[in-house]
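Read-outs: derived from the displayed coordinates by stated rules, not from any lab. What you see is a predicted model, and the numbers here were worked out from it, not measured in a lab. Glycine gets a Cβ as well: all are built from the backbone with ideal geometry, and neighbour counts include every protein chain shown.
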């Protein structure tokens, strides 16, 4: 096998010049590195003459911050590339187009979506996106249904599943989402004012029991091909367009995990709006928008998933009266629980920008305590959820700590 070529801004330009048809022979190319480059390199290469551009994402075989002694598998690059290709086939308007694949060097060259804004940043700025909920609901319904036993016969499903065995990336999720917040006080560090709430989680046996049940589902229920890390930082948006990126955690698991990741991150922003909204009226308005978005994501998913079920199901037993309604309700309850786990996981060391962007420590701690309370309720009360309004009403009903 050829020696692994780790790109830099100069060699990235040399590399793309050799890809047939990507840029004209006389292109005036410039390259910029974006991202932190710790386990992946991401470059944007642009032709200054035509304005055409492309993104290169390369997975590194080591953790750069720890030196080349900390080795990582680059099979995640193959998994990410194949997941992107599948998602593009199912949802071509919602995933960047892929221009070139090089598995020897663990890289993919794809459509540049830098005209889109990272959704997490947009939510922090209290922007509203009229098409996002419908787009992501369609993405979820199509990618989850079309890779499940409902749409594929047993041999096809198992053949597809075998391509997405992703133990290294799954181990990260298994540890950080389902274990560390409840058992590891050293790794899970909170803003001082939220430390007591974090410690209470580790003493909450009922919560730990439900988190264990949800982890068991994550480990054992290969319902469909998941994106695996579908948080608001993996979604880019404009007012008219939505693009999903970074499925390097892709694997077969419970459908509710992906849906819950979207819902859980919207709930995190809901909690953080205690700081990001400058007035009570603006806070109430934006929180209403977030809850409406959660409802629309689910309703779009449910409508499209139901349509696909009626038109494309190959599983005979799925025709049993009442089974579709039971199945979809179970996915909603899973989404509520996994969303709660994702929210809890993002408070502490794995904190997201929604909270890191709050400079006042007391305000940040209050928002974290609120997020933990919301996540806990979503986990503990998920089996009482039968419609999406039950979830949004529950969120509205959780008391918010004073700043």
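Based on the Cβ-Cβ distance from residue 50 to residue 213, what FRET efficiency comes out when R0 is 51 Å, to the nearest 0.05?
0.40
What is the packing order of peptides 388-400, 247-259, taking the mean over residues of other C-beta atoms within 10 Å and listing the highest first?
Answer by packing, highest mean first, reads 247-259, 388-400.
Which of the peptides 373-384, 171-182 is most tightly packed, and how do the rest follow, judged by the mean count of other Cβ atoms within 10 Å per residue?
In decreasing order of mean packing, 373-384, 171-182 become 373-384, 171-182.
Students often check this: by mean Cβ neighbours within 10 Å, which of 260-272, 355-367, 281-293 ranks highest, and how do the rest follow?
260-272, 355-367, 281-293
So how much slack lies between residue 30 and residue 360, counting 0.36 nm per residue of separation and subtracting their Cα-Cα distance, in nm?
114.9 nm is the gain from fully extending residue 30 to residue 360.
With bins 10 Å wide starting at 0, give me the P(r) of the range 327-403 over every alpha carbon pair, in whole percents.
20, 46, 27, 7, 0
Report, in degrees rounded to the nearest 10, the 0 to 90 angle that the Cα long axis of helix 75-90 makes with the longest principal axis of the chain.
80 degrees
Suppose R0 equals 22 Å. What FRET efficiency, 1/(1 + (r/R0)^6) with r the Cβ-Cβ distance, do residue 277 and residue 240 give to the nearest 0.05?
0.30
Name the shape class, rounded, prolate or oblate, that the alpha-carbon gyration tensor gives for the range 149-298, where a ≥ b ≥ c are the square roots of its eigenvalues, rounded holds for a/c under 1.5, and otherwise prolate holds if a/b is larger than b/c and oblate otherwise.
Oblate, since a/c reaches 1.5 and b/c is not below a/b.
Apply the a/c threshold of 1.5 to the C-alpha gyration tensor of the range 65-138 and tell me whether it is rounded, prolate or oblate.
Since a/c reaches 1.5 but b/c is at least a/b, the shape of the range 65-138 is classed as oblate.
Once the Cβ-Cβ distance between residue 17 and residue 89 is put in as r, and R0 is 22 Å, what FRET efficiency do you end up with, to the nearest 0.05?
Once the sixth-power term is evaluated, E becomes 0.15.
Using only the Cα atoms of the range 9-111, what semi-axes does the equivalent ellipsoid have when each is the square root of 5 times a gyration tensor eigenvalue? Give whole Å, largest first.
They are 23, 19, 11 Å, listed from largest to smallest.
For helix 132-145, what angle does its Cα long axis make with the longest principal axis of the chain, in degrees from 0 to 90 and rounded to 10?
80 degrees
Compute the semi-axes of the equivalent ellipsoid of the range 117-397, taking the square root of 5 times each eigenvalue of the Cα gyration tensor, and list them largest first in whole Å.
For the range 117-397, the semi-axes come out at 30, 22, 17 Å.
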